[in-house]
């Protein structure tokens, strides 16, 4: 499929563009159903009224989550700390930094930013393992690097949502490149 090229957007108006509409609906059973119902409720009740952080708190309450994990980049430690302080008003919160275990990049022959100085590697698999040990029910990522966020999501034992997405150039607002003429030209967009 190439929905970005669709001119009709029929799915938005109840026109079936795929033949497996019924099969798709069956996938929303059990936990998937509860997550989806909760998401729809939040969208319906708070559309354009709540921030992403407020929606996160409401979502966790509605789902009955009590133990929230926060996996963060050390470069966004302050932001993660602020988020954790908000969440701790409502939940038990467990956080883990990307540099957990302090493994030198040399151990896995990883490329370094500055070859002459010590650099600990990011360790998204250990972040996920630590939060599993803490028995979290939902994990939130704050600024994990591209690739590290993917590994974290693959390894997480529970659902994951991103609160902050790493973009060092655009102040962690990657959507900025979609709105700026300079980046549209640079990246070859329309």
| task | Could you tell me which of the residues 74, 58, 53 is without any contact (Cβ under 8 Å) to a residue 40 or more places away in the chain, touching a helix residue (DSSP H, G or I) at 6+ places or on another chain (Cβ under 8 Å) and surrounded by 13 or more Cβ atoms within 10 Å (Cβ to Cβ)? | result | 58
| query | Within the range 38-97, how many residues are under 25 Å from residue 132 (Cβ atoms), part of a loop (DSSP other than H, G, I, E, B) and out of contact with any strand residue (DSSP E or B) (no Cβ under 8 Å at 6 or more places or on another chain)? | reply | 4
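Rundown of residues vs (1) touching a helix residue (DSSP H, G or I) at 6+ places or on another chain (Cβ under 7 Å); (2) not assigned by TED's automatic domain parsing to the domain that holds residue 100, yes/no style:
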{"site": "4", "(1), (2)": "no, yes"}
{"site": "10", "(1), (2)": "no, yes"}
{"site": "38", "(1), (2)": "yes, yes"}
{"site": "78", "(1), (2)": "no, no"}
| query | Of everything in the range 1-19 that's surrounded by 10 or more Cβ atoms within 10 Å (Cβ to Cβ) and not in a helix (DSSP H, G or I), which residue is modelled with the highest pLDDT? | reply | 6
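The values are calculated or read from the model by the stated rules, or taken from the named source; none is laboratory data. In this text, all values refer to a predicted model and were calculated from it rather than measured experimentally. With ideal geometry, Cβ positions are generated from the backbone for all residues, glycine too; neighbour counts draw on all protein chains shown.
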